1. I'd like to verify a number: residues in segment B:20-52 that are crowded, with 18+ Cβ neighbours inside 10 Å, under 17 Å from the mean Cα position of the chain (by Cα) and within 7 Å of chain A (Cβ to nearest Cβ), how many?
2. For segment A:280-308, what are the residues that are open to solvent by 10 Å² or more (accessible area, probe 1.4 Å), part of a loop (DSSP other than H, G, I, E, B) and within 14 Å of chain B (Cβ to nearest Cβ)?
3. Is it fair to say A:T223 is touching a Pro at 6+ places or on another chain (Cβ under 8 Å), polar (S, T, N, Q) and open to solvent by 10 Å² or more (accessible area, probe 1.4 Å)?
4. In the list A:A245, A:A193, which residue meets the criterion of being open to solvent by less than 20 Å² (accessible area, probe 1.4 Å), out of contact with any helix residue (DSSP H, G or I) (no Cβ under 6 Å at 6 or more places or on another chain) and either assigned by TED's automatic domain parsing to the domain that holds A:W377 or not in a helix (DSSP H, G or I) (or both)?
5. Which one of A:L211, A:L197, A:L276 is closer than 30 Å to A:A318 by Cα and away from every other protein chain (no Cβ under 14 Å)?
6. State the number of residues belonging to segment A:65-102 that are more than 24 Å from A:W188 (Cβ to Cβ) and among the polar types (S, T, N, Q).
7. From the list B:G49, B:G60, B:G38, exactly one residue is in contact with a Phe, Trp or Tyr (Cβ under 6 Å, 6 or more places away or on another chain) and within 24 Å of A:Y257 (Cβ to Cβ). Which is it?
Amino acid sequence: MRYSALALLRGALSGGRSWQPAWRSPEPKAAYDVLIVGGGGHGLASAYYLARNHGVRNVAVLERGWLGGGNTGRNTTIVRSNYLYPESARLYDFSLRLYEGLSRELNFNLMLSQRGLIDLAHSRHDLDSMARWVNSMHMNGIDARLLSREEIAARLPLLDVSPEARYPVLGGFEQPRGGTARHDAVAWGYARAADALGVDIVQNCEVTGFLRGGHGEVTGVTTSRGTIRAQRIGLAAAGHSSVLAALAGFRLPVTSYALQAMVSEPVKPALDAVVLSPGTGAYLSQSDKGEMVIGAGLDLFASYAQRGSFAVLQGVVAATLALFPSFSRLKLLRQWAGNVDVVHDSSPIIGPTPVPELFINCGWGTGGFKAIPAGGWTLAHVLATGRSHPLAEPFQLERFHSGRLIDEAAAAGIAH
Amino acid sequence: MMQLPCPWCGVRDESEFVCGGASHIVRPGLSASDAEWGSYLFFRDNPKGPLRERWRHAYGCGQWFNLMRDTLTHQVLSVYPMAEPPPAGG
């Protein structure tokens, strides 16, 4: 069923009875060409691009819980491509460009809002490093511009830019194409489009082990819903990547941490940009519903708990209120955490694993949401062809032995 | 807030401590291959469950100690001095 203004009208006239489920919930088959483990954005996008770009449609996505219930539903919905190194810039800008056409392609409103993303400079050192950052972006062909304190004050009238501010604002820079997208819609849009191409989406199906063939290759998985065979398997499990890798008998250069976020009660439009303050560790934007969506830094110890420490929450709220004193009257509605897969160079891993026919997409750390289209596109490519996509070639597991790390200091946008 | 038992100062709030990552990682010899060296530097068990790790009571006595902690429940399973071998169980 195609979504359109006409379909909306028909739905309204039928009292809502004409709407159908957006995807099937089939029983898993005994065998598939390709299995994707992980029904978040990256896994669902991988399945969609396998079917769309490569014609591989005998595919299942296995999800332990519900679609987009992990980090896809727990991030701060920010999209951007303001990276320093050419390898990262190419990958993340490819992702942002895919996002720009995705609502139309998937026939699903992702509510992409390129309202601009502003980084604040609180010191002379911040100003210098942001000038370098903007120069790098220009050299990589990505939009960016330095902002004066006055320009920032005009864009963000509620921001305290006075000289007496706890964290004085000296300037900053903007990526105008940065912004936000509706995170759940990204999972649901890819799921619906993949399902329409024949992909089976299987929820409440936890992978408990891997089947191996005579040459050590994976030949399938054991799950909470029975054994499923496959010729190739892709892992897209973010913070649980190490758990799956351990089941398959190898280790990853990954540590899982809790990353917190929170939303306030909804208020009228008051903040018309995504604002990051690297110096204070806070970043925020206003959702279309009106909530202030606030993100924190990592809880700096290994954790698989989807909740964070109060100390970190307190710190990020204090930083936010120092920037926007008028928000002190807002009540926080919800706070939560996602388990993020952090690697030493803050860059992803997309490609083969030590186990034949088993491929992985992980290591996005604190910034996986913006990369969903590119992560899915490149994992699908290596699953379909056996060769890494040119954009993913620098991001192989082997770099941790060769030493060719891509130490992307701009990955987080704030200090974690 | 998580509370951790410093062996010298007793139970204190998490915000007084700094985590130093996994314990008992053995540095390979000078003849190590690239694979061994990369594994030593970057590759970790990262278990969902009991993990042996080093913590420092940075805003207290300043001492390092070893802790076995469950990464899912954050429950502290045992505390032992830096130089001791890991306890059984996990």
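The values are calculated or read from the model by the stated rules, or taken from the named source; none is laboratory data. No experiment lies behind these values; they were computed from the predicted model shown. All Cβ positions, glycine included, derive from the backbone under ideal geometry; neighbour counts span all protein chains shown. These accessible areas exclude ligands, DNA and RNA; they are computed on the full protein's heavy atoms, side chains included. Shrake-Rupley method; radii C 1.70, N 1.55, O 1.52, S 1.80 Å.
1. 6
2. Hits for segment A:280-308 are A:Q306, A:R307, A:G308.
3. In short, yes.
4. On the way: A:A193 fails: out of contact with any helix residue (DSSP H, G or I) (no Cβ under 6 Å at 6 or more places or on another chain).
Every option except A:A245 fails the conditions.
5. Unique residue meeting the criteria: A:L276.
6. Number of matching residues: 2.
7. The conditions single out B:G38.
For every residue, the table says whether it meets (1) at pLDDT 95 or above; (2) touching a Ser or Thr at 6+ places or on another chain (Cβ under 8 Å).
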| site | (1), (2) |
| --- | --- |
| A:C362 | yes, yes |
| A:K370 | yes, yes |
| A:G376 | yes, yes |
| A:A380 | yes, yes |
| A:A384 | yes, no |
| A:S388 | yes, yes |
| A:E398 | yes, no |
| A:A409 | no, yes |
| A:G413 | no, no |
